[in-house]
Amino acid sequence: MHVAKRVCSQPGCPTLVDAGTRSGRCPTHERQADRARGTRQERGYDAAYDAAGRDYQAKMDAGQRFNCWRCGKAVGTRRGIDWVLGHCDLNRSIIHGPEHPGENYATSGRTGCPHPSHT
C-alpha cells in the first residue's frame with residue numbers, strides 16, 4: 001500500500017512526511033515544536049490540576065454527574081475519553097471543571113473565556 005507524502009510544514013524543510021499526520025512536521029521539527037510549548041507544568045498542568053482531576057473523577061465514580069462548563073451538556077464518566085479538566089482560556093491556573101474533549105482541544109487562539117465567573 002502506498003502512503004501519500006508531503007513536505008514538512010516547517011518553512012524551508014524539504015523532509016517528506018506521511019500525509020495526514022497531526023502536525024505535518026518531520027520528527028526533528030515535531031520535537032522542536034514540542035519543546036517550544038514548554039513542560040506540562042509550565043502550561044498550567046501542575047500538581048493542583050492533577051489533584052482536581054482526581055477529585056472530579058472520584059466524585060463521578062461515586063455517582064455524581066457533571067455538565068460541561070462550556071456547553072452545559074452532560075459529560076460521561078471516563079476521564080480522557082468522555083471528559084477532560086478544563087481551565088480558563090485566559091488564566092490556566094483557574095480550573096473551571098469538566099468539559100468535552102473536543103471543546104477543550106479547540107481553544108487555541110481564543111481571546112476570551114466564556115465561563116460565567118468572567119461575566
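The values are calculated or read from the model by the stated rules, or taken from the named source; none is laboratory data. For clarity, every value in this text was computed on a predicted model and none was experimentally measured. Glycine also receives a Cβ, built like all others from the backbone with ideal geometry; neighbour counts cover every protein chain displayed.
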Those residues of the stretch 36-50 which are exposed (fewer than 14 other Cβ atoms within 10 Å of the Cβ), within 15 Å of the chain's Cα centre (by Cα) and free of Cβ contacts under 8 Å to residues at least 24 places away in the same chain, in sequence order
R37, G38, T39, R40, Q41, E42, D50
Please verify whether the stretch 102-114 includes one or more residues that are more than 16 Å from the chain's Cα centre (by Cα), part of a loop (DSSP other than H, G, I, E, B), of a type outside the set (S, T, Y) and not assigned by TED's automatic domain parsing to the domain that holds S23.
yes
Loosely packed, with under 13 Cβ neighbours inside 10 Å, of a type in the set (A, V, I, L, M, F, W, C), in contact with a strand residue (DSSP E or B) (Cβ under 9 Å, 6 or more places away or on another chain) and without any contact (Cβ under 8 Å) to a residue 24 or more places away in the chain - does that describe any residue in the stretch 5-25?
yes
Take G53 and decide whether it is surrounded by 14 or more Cβ atoms within 10 Å (Cβ to Cβ), assigned to a strand (DSSP E or B) and out of contact with any His (no Cβ under 7 Å at 6 or more places or on another chain).
no
Pick from the stretch 65-87, criterion of a type in the set (V, I, T) and surrounded by fewer than 21 Cβ atoms within 10 Å (Cβ to Cβ), ranking: nearest to the chain's Cα centre (by Cα)
V84
So D89 fits all but one of (1) at pLDDT 90 or above; (2) part of a loop (DSSP other than H, G, I, E, B); what number is the exception?
(1)
Among the residues of the stretch 67-94, count how many are among the charged types (D, E, K, R), under 17 Å from R40 (Cα atoms) and in contact (Cβ under 8 Å) with a residue 40 or more places away in the chain.
1
